[in-house]
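Have a look at the structure below before the remarks.
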């Protein structure tokens, strides 16, 4: 599925679509391991980028994401996003599952697929496996563990663009004692 510029509402920026259109076709062509690692990496980068859009415009903000700093891991970015109220409980749970799946593929090079335990079990925990409410009141579900994973990536990207970055970049507050 490829999106065109006219497919998105005018009130959302959907800047991730360019990257999505580049990466998702490749995810379908890749091995399970590559799809899991590349997809999660793309998602983590998108979330970090949205955080940069929300945090203050100051050089110290970028340092938070440097190696061995507060937001240097995907897990830390997820936790801080949740604590700041930028992620729902379901989104946090999905991101943690995506992170676990990526780590499993990265650290278990032998015979891992989306269909083998524990990966298949984790994919069934994703929102896309439980069902997404539709306008007609029914539930839409992705079928198959790999499709559940890829669709969870897509829904997460949409959420980041629509809600996480919606408030815009903050300025460093002025010193109230200065005139």
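Subtract the Cα-Cα distance of residue 103 and residue 29 from 0.36 nm times their separation in residues, and report this length gain in nm to one decimal. Before the final figure, lay out each step's value.
On the way: separation 74, 0.36 × 74 = 26.64 nm, distance 2.04 nm.
The span from residue 103 to residue 29 would gain 24.6 nm if fully extended.
Could you check the spin-label model distance between residue 63 and residue 84? Points 7 Å from the Cα along Cα→Cβ, value in nm.
With each label placed 7 Å out from Cα toward Cβ, I get 1.7 nm.
Quick one: 112, 156, fewest Cβ neighbours within 10 Å first, how do they rank? Numbers along the way, then the final one.
Numbers: 112 20, 156 25.
If I rank by nearby Cβ atoms, fewest first, I get 112, 156.
Quick one: if the Förster radius is 30 Å, what FRET efficiency do residue 45 and residue 178 give, using the C-beta to C-beta distance and rounding to 0.05? Intermediate values should be presented prior to the final figure.
On the way: r = 37 Å, r/R0 = 1.24.
With a Förster radius of 30 Å, E is 0.20.
Highest mean first, what order results for 95-107, 59-71, 25-37 on Cβ atoms within 10 Å? Could you put the intermediate results ahead of the total?
Details: 95-107: 18.9, 59-71: 11.9, 25-37: 15.7.
Descending mean neighbour count gives 95-107, 25-37, 59-71.
What FRET efficiency comes out for residue 139 versus residue 116 if R0 is 30 angstrom and r is the Cβ-Cβ distance? Round to the nearest 0.05.
On the way: r = 26 Å, r/R0 = 0.87.
Result of the calculation: an efficiency of 0.70.
When only C-alpha pairs under 8 Å and at least 6 residues apart count, what is the relative contact order of segment 13-164, in percent?
This gives 29 percent for segment 13-164.
Can you give me the Rg/Rh ratio for segment 51-112, using Cα atoms for both radii and the Kirkwood formula for Rh?
On the way: Rg = 13.9 Å, Rh = 13.1 Å.
My calculation puts Rg/Rh at 1.06.
Every read-out reported here was derived from the displayed coordinates using simple, explicitly stated rules and does not represent laboratory data. Since this is a predicted model, take the numbers as computed values, not measurements. We place every Cβ from the backbone using ideal geometry, glycine too, and count neighbours over all the protein chains shown.
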